[in-house]
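The values are calculated or read from the model by the stated rules, or taken from the named source; none is laboratory data. For clarity, every value in this text was computed on a predicted model and none was experimentally measured. Quick reminder, even Gly has a Cβ in these numbers, built from the backbone with ideal geometry, and neighbours come from all protein chains shown. What goes into the accessible areas is simple: the full protein's heavy atoms, side chains included, and nothing from ligands, DNA or RNA. Shrake-Rupley method; radii C 1.70, N 1.55, O 1.52, S 1.80 Å.
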Amino acid sequence: MESISRADAHTTLATLHESTDERALLLIGEHGSGKSHLLAAAHALPTAPTVLLRIHPEEWRFPLAGFASLFAALRQDPSSEPHRHFALRSEEPDALFAAGYDLLSLIRGLELPPTVALIDDLDLMDSASRTVLGTIASHLAGTSLWIVATATEIQPGSAVPGFEPAHLLPFTPDEIVAITMADHDVDESTVCILAKYAGGNPRVLEEQVANLQDDQLHGTASIALPPRGSSTIEQVTAGTLDGLSAAAREVLQLVALAPLCHVGTLSGILPDAADDIEDLVDGGVLTRRGPHITFTDQRLRSRLYWDQGSKSRRHNHAALAEACEPYDERLTIWHHSSTARGPQSVDQLLSAAVTFVDERHVGAAVEFTERALNRAEHIEDHAEPLIRLCNHLLLDGHLILADRYSARARAETTAPEQSMDILNVRLMARLFHKKHLVDDDLSTLADLHAGANREGACSMICLGAAFRSERWETDEARRLVEHGLRLADGASELTRLKLLAMQDIVDGMEGTTITGTPPTIGLEDPMTADPDLLLLRARALSVHEAYTDARQLFTTVRNRPTSRNGLRHDLATYGTIHNEINATEFRLARAAVDTWQGRAPSLTRGTSAFAYAQAWYAYSLGREAEADELLDRCIELAAGEASPALRARAMALRSALRLLAGNAESAVKELREVSAASTRFRNPTLLRHWADYTEACVMTGRVQEAAATVTALERRLSSHRSRWGELALLRSRALVDTGESSLDLFDAAVKEFGRDELPYELGRTLRCLAIRQEELGMTVEGRRSRMAAVAAFETAGADAWAARTDQAPVVPASTNRRTESAPMLDQLTEDEREVAIRVVQGLRNREIAQELFVSVRTVELRLTHIYRSLGVHSRAQLVAVLTGAGAPDDGAPPSATAPPA
């Protein structure tokens, strides 16, 4: 049986009616896994007519009751009496088969529009209806009916022929966390912890949340792990437990008592358990992790843990504590702590948790920590191991957990420097996760605690400055750096170097040259240098456009054994992505994005930065619709994060996407917004939209606007130096010039590029040169320049631009002539072309829907995307563009020349 993810299932249901073959699907998923929610979401979609049928559990006693309900829903007549249309003479196979054909004829007689029938809980339907539906499902062709049913399980003797079965994959932990957070006022870290025990089942997680006390819900009290069992857990684990032998169950009861169990421990208590353990591992019930084993499905562990009485658990914990001593002292501590209390037990549990984080057993670390916090009477007595644990969680990329436990930490009265350590952990976790900072609070806290912990105060200031710089808030970042340098008197040389590196980053963002401290100071041996200083120096080199040197330092950090996973690896990968995008090494940037998307639990999920990286990735490969959708998401998230820089970057990328699609008109409108936003970011290298703006204006005949853009870029570069800016300015000047004199400017612009320097920008310059040569009738020279542009794009890995440039020459854009309909249609998908052609023929939406066998809503959605792709705003404009008649004025500035007659 095939498996299908939630996202793929949702997409399938949304587009099923557009397929050419009617068919029936059966989605199988466990109780509480969200099958009903999936069908309800499909029913709410406006894309196609749907009917939703929920099976009543008592209907199984009445033959054909389920089909009668479906038929009534399809007729959309609540007052109808379905039994008048058919009667079942017998439930013998022959009679049911014949009845299936009779009922199929009735469905054909309804002459349905394209309709999707959604049947929830098919396994609860009466057996006669299931048999009849199986017959109908095999012969749906020509009915305009698609059927999608869900079931918890289908017994071997109750299979439904004609349905294509697919196993519905569980939700990911991130997905069920989002679902639960949307419905409950609960601390995010609490939900994230419990999600690991829910098996991707949202109902299980909801039941676990319902069992919590108020202080646990808000993250101020520890939680008992594993969570208590629930009715849904009993249902979803029943099948596994029923198939276990008594000996296997005895093994599992012992394993359930700890987050990990050493195999040697079990052998000491159950000498004959080796075969049972192997069978449980082979059967997927247990999973090996080195010498340890753990439950594959934590819900089964919850059930077996809590099914044991308190007395039985205490007895087994005592036996396991003794048996663990030769194998794993940490597990001995765990089992002893089930009954023993006191400060020693708390410190031992927290120290063991640190080692589990280092070994990537984060689930075990969480259980040890929750138990330790539950046992602690005075949390300040355990500040040192708790702060150490938070730092290890932070460096391993578990920001939510680091924030949770640092919030519980309290400094010892005799160690005031611990207050700054706690603040730094909380600040870093919240900056990366919550994207929020108040500079005044930061400075005040640094001043308050600098006397006790000057290093920590300076580190906190440096972190705040780094956060501000990544948002291009250079004034705020500079103020923080200056504050940090004042505090750094008496601090270590390493701390001072970090602040100076941060100062170089701010200088680079403002377009000033590094003066004073060389970028490699303190990095005589990068393999042994402080990784945080490496990251800051790499970022400084990148913003100063020393991309190769920055690449080397980022690579060093990423490949260090101590940072191959976790926060520093994520930061280095994040820096690599932006370094390679700015270096226009698209292939290297995509490789970094692949790495980032594959892991990066700490910085990215659900952030505008993550959405931007995904959108850029899609853009670089020419996946325009996907990039457009992701940019919408990025802009929405940037607004929520109060990040105008990310929003402006997303808009600039979208304008480049429009130029790639040949839609200069839309690009101009969006680039005007980007230019308005750029007043906040003085360095023209940050947004890099100026050459695009000039090109789009020239393409649409806005000569004066193009010239004004060049003047604005010149003015910016006079006070903010930039190598990219110099190259972009040369291209822009050539674009606004006219005739053969512009060719000399283009030639100078091309020659200015160094070897392997910014290959994508070189490709864009060569492409503009080719278009200008073709405008002047220099066909051979234009083709030669196109080939050179394609080679530059291929060197950069800019696949979409290479493919688009390699196409036949476009009509000269500077005359603002409308292209013929065929090239315009080439910008559309096949489905969109079918709609556009019929619009030109004068058909209305309903007539188009009938001809193409789709819904009117589908036609409307395709028209919306056509308008966006071609830069038109009405049906009349679309017809004018496709027939070459010239589009009506849409409010844009007038062209330099009138369109041809």
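Annotations
- Taking first residues from the range 477-494 that are more than 18 Å from Leu533 (Cβ to Cβ) and assigned by the TED database to the domain that holds Glu455 and partners that are open to solvent by less than 60 Å² (accessible area, probe 1.4 Å) and β-branched (Val, Ile, Thr), the Cβ contacts under 7 Å between residues at least 6 apart in sequence or on separate chains come to Arg478/Val506; His483/Ile461.
- The residues of the range 672-691 that are open to solvent by less than 10 Å² (accessible area, probe 1.4 Å) and modelled with pLDDT of 90 or more, listed by number, are Val674, His689, Ala691.
- Candidates Thr694, Thr604, filtered to the one that is farther than 25 Å from Leu828 by Cα and either at pLDDT 90 or above or assigned to a helix (DSSP H, G or I) (or both): Thr694
- Qualifying positions in the range 384-413 - modelled with pLDDT of 90 or more, over 15 Å from Ala352 (Cα atoms) and among the aliphatic types (A, V, I, L, M): Leu401
- Any hit, the range 859-866, residues being open to solvent by 40 Å² or more (accessible area, probe 1.4 Å), touching a helix residue (DSSP H, G or I) at 6+ places or on another chain (Cβ under 9 Å) and at pLDDT 80 or above: yes
- Flag if Ala238 is modelled with pLDDT of 95 or more and either out of contact with any strand residue (DSSP E or B) (no Cβ under 6 Å at 6 or more places or on another chain) or open to solvent by 30 Å² or more (accessible area, probe 1.4 Å) (or both): no
- Within the option set Val674, Val736, being touching a His at 6+ places or on another chain (Cβ under 6 Å), more than 19 Å from Trp801 (Cα to Cα) and hydrophobic (A, V, I, L, M, F, W, C) holds for one residue only, Val674.
The rows are residues; the columns are (1) open to solvent by 40 Å² or more (accessible area, probe 1.4 Å); (2) within 24 Å of the chain's Cα centre (by Cα); (3) assigned by the TED database to the domain that holds Glu22.
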{"site": "Ser129", "(1), (2), (3)": "no, no, yes"}
{"site": "Ser144", "(1), (2), (3)": "no, no, yes"}
{"site": "Thr150", "(1), (2), (3)": "no, no, yes"}
{"site": "Asp183", "(1), (2), (3)": "yes, yes, no"}
{"site": "Val186", "(1), (2), (3)": "no, yes, no"}
{"site": "Glu206", "(1), (2), (3)": "yes, yes, no"}
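- Applying the condition of being hydrophobic (A, V, I, L, M, F, W, C) and at pLDDT below 75 to the range 63-96 and asking which residue is surrounded by the fewest Cβ atoms within 10 Å (Cβ to Cβ) yields Ala87.
- Ala591 out of contact with any Pro (no Cβ under 7 Å at 6 or more places or on another chain), open to solvent by less than 10 Å² (accessible area, probe 1.4 Å) and within 30 Å of Thr555 (Cα to Cα): no
- Residues in the range 699-718 that are open to solvent by 20 Å² or more (accessible area, probe 1.4 Å) and closer than 24 Å to Asp806 by Cβ: Met699 only.
- Given (1) in contact with a Gly (Cβ under 8 Å, 6 or more places away or on another chain); (2) over 27 Å from Ile4 (Cβ atoms); (3) open to solvent by less than 10 Å² (accessible area, probe 1.4 Å), index of the condition Pro226 fails: (1)
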